[in-house]
Amino acid sequence: MLKLYLRRKLQNDNVIPSTTTDNYSLVEALVARILFELIIWFNQFGLVLCFSYNKSLMPAFFNNLFGKDMSDIDEKQLLLYAQIANLVNLILQWPEISIKEIAENFSKLACNAHTICDSELRPLGTGLYPVISIINHSCLPNTVLVFEGRLAVVRAVQHVPKGAEVLISYIETAGSTMTRQKALKEQYLFTCTCPRCINLGQFDDIQESAILEGYRCKDDGCSGFLLRDSDDKGFTCQQCGLVRREEEIKKIASEVNILSKKTLALTSCGNHQEVVSTYKMIEKLQKKLYHPFSVNLMQTREKLIKILMELEDWKEALAYCRLTIPVYQRVYPQFHPLLGLQYYTCGKLEWFLGDTENAIKSLTEAVEILRITHGTNSPFMKELILKLEEAQAEASYKLSSKDE
């Protein structure tokens, strides 16, 4: 049925001839439509994907922009593309299209598609945007990509001089240089040479990596970072000189790993209270293991915030949300949407719990950041600004009532 539907639809649109052809030049012109209709079929199985594209640009887009050599792709990824290609071939059964071509097109899609998110950066689907896809990556970008519905919007987060290159980030930038480089190599097949990455291996980069992904000092009152000993048997604090033995670190890390696997089983069972208790145990261990600015610790607290909000435990969710703010401030630039949204979450929780004074502070911070990254005309920003004005009005009313 899907094959017949696609063929009739393409014939009606004058995209392909009515008879079978061996003209493989048609494949490039068909790629966008094939993927679009295929994703609609995939939606029946719960995959939410949508494609926005300019029909007249797509052939040149696939021909010129997707010039990657398949030999650069990891074997596991190639196997996945081959499996998907085989599935597509079984569904469509078109003699004009080979499995190799389908696999290549999915590879091109993976390297050039963008995740469409709502205003709070929750993923909604995947989009192909030819113009956006020619913008290069930087781990310290001067613009940010956000979406207003299906419209992709690139906004400057700092002054971009005339003639300067516009850059966005393709990946999550909260991580060490090695982590970012690995993600870019695996997904996009290139090595980044942006201002953050060219310092790889230098002392400042080693220090930042040790803070974001390394271990904490044994002394709870010390904020130093640890580096591996020359004898390779432990880690030494670069501030106070205390040594943590590798055996101790491995023991705690093993406990964290066991508990993390347990959360997966509990989550699949829908046992949210047990999930919260287990994540709290993980967080307690991670506080002993990792530096206070650890990305791993931050991510665990993020999971706790999400689950606690689902359970409507607003007070505890706020406590964890406040703990994440200093880490967000360190790992993200001043005007980053994730930092703004974290302030927004704090502000909403504070206002709901009656802490109007702190809610105003948090919502003000959120507005200052998100008006740069999101603009001021979207429904989301109008609602945020209204919330801030209402909180300010409430604070003014309480103050005037006290004066009377």
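Taking interchain pairs and intrachain pairs at least six residues apart, which have beta carbon atoms under 6 angstrom, with the first residue in the range 76-102 and in contact (Cβ under 8 Å) with a residue 24 or more places away in the chain and under 18 Å from Gln187 (Cα atoms) and the second of a type outside the set (D, E, K, R) and surrounded by 16 or more Cβ atoms within 10 Å (Cβ to Cβ)?
Note: pairs meeting the criteria are Tyr81/Ala103; Tyr81/Phe106; Tyr81/Ser107.
Answer with yes or no whether Ala152 is part of a strand (DSSP E or B) and either of a type in the set (Gly, Ala, Ser) or exposed (fewer than 13 other Cβ atoms within 10 Å of the Cβ) (or both).
yes
Could you check the range 210-228 and list, in sequence order, the residues that are among the basic types (Lys, Arg) and either surrounded by 17 or more Cβ atoms within 10 Å (Cβ to Cβ) or out of contact with any Ser or Thr (no Cβ under 9 Å at 6 or more places or on another chain) (or both)?
Hits for the range 210-228 are Arg216, Lys218.
Among the residues of the range 137-153, are any hydrophobic (A, V, I, L, M, F, W, C) and over 26 Å from Leu370 (Cα atoms)?
No, the range 137-153 has no match at all.
Val154 - would you say it is over 30 Å from Leu78 (Cα atoms), in contact with a Leu (Cβ under 7 Å, 6 or more places away or on another chain) and β-branched (Val, Ile, Thr)?
The answer is yes for Val154.
Which helices (runs of 4 or more DSSP H) sit wholly inside the range 229-342 and have at least 2 residues that are over 26 Å from the mean Cα position of the chain (by Cα), surrounded by fewer than 16 Cβ atoms within 10 Å (Cβ to Cβ) and not aromatic (Phe, Trp, Tyr)?
Counting at least 2 such residues, we get 246-269, 272-289.
List the residue pairs whose Cβ atoms are under 9 Å apart, where the first residue sits in the range 137-157 and is farther than 20 Å from Pro195 by Cβ, the second is assigned to a strand (DSSP E or B) and among the charged types (D, E, K, R), and the two are 6 or more positions apart or on different chains.
Pairs that qualify, where the first residue is farther than 20 Å from Pro195 by Cβ and the partner is assigned to a strand (DSSP E or B) and among the charged types (D, E, K, R), are Val146/Arg155.
May I ask you to list the residues in the range 312-340 that are touching a Ser or Thr at 6+ places or on another chain (Cβ under 9 Å) and touching a residue at least 40 places away in the same chain (Cβ under 8 Å)?
Scanning the range 312-340 gives Val331, Tyr332, Pro333, Phe335, His336, Pro337.
Here, each number is a calculation from the coordinates, and none is a lab measurement. Because the structure is a prediction, the values reported are computed rather than measured. Using ideal geometry, Cβ is built from the backbone for each residue, glycine included, and neighbour counts are taken over all protein chains shown.
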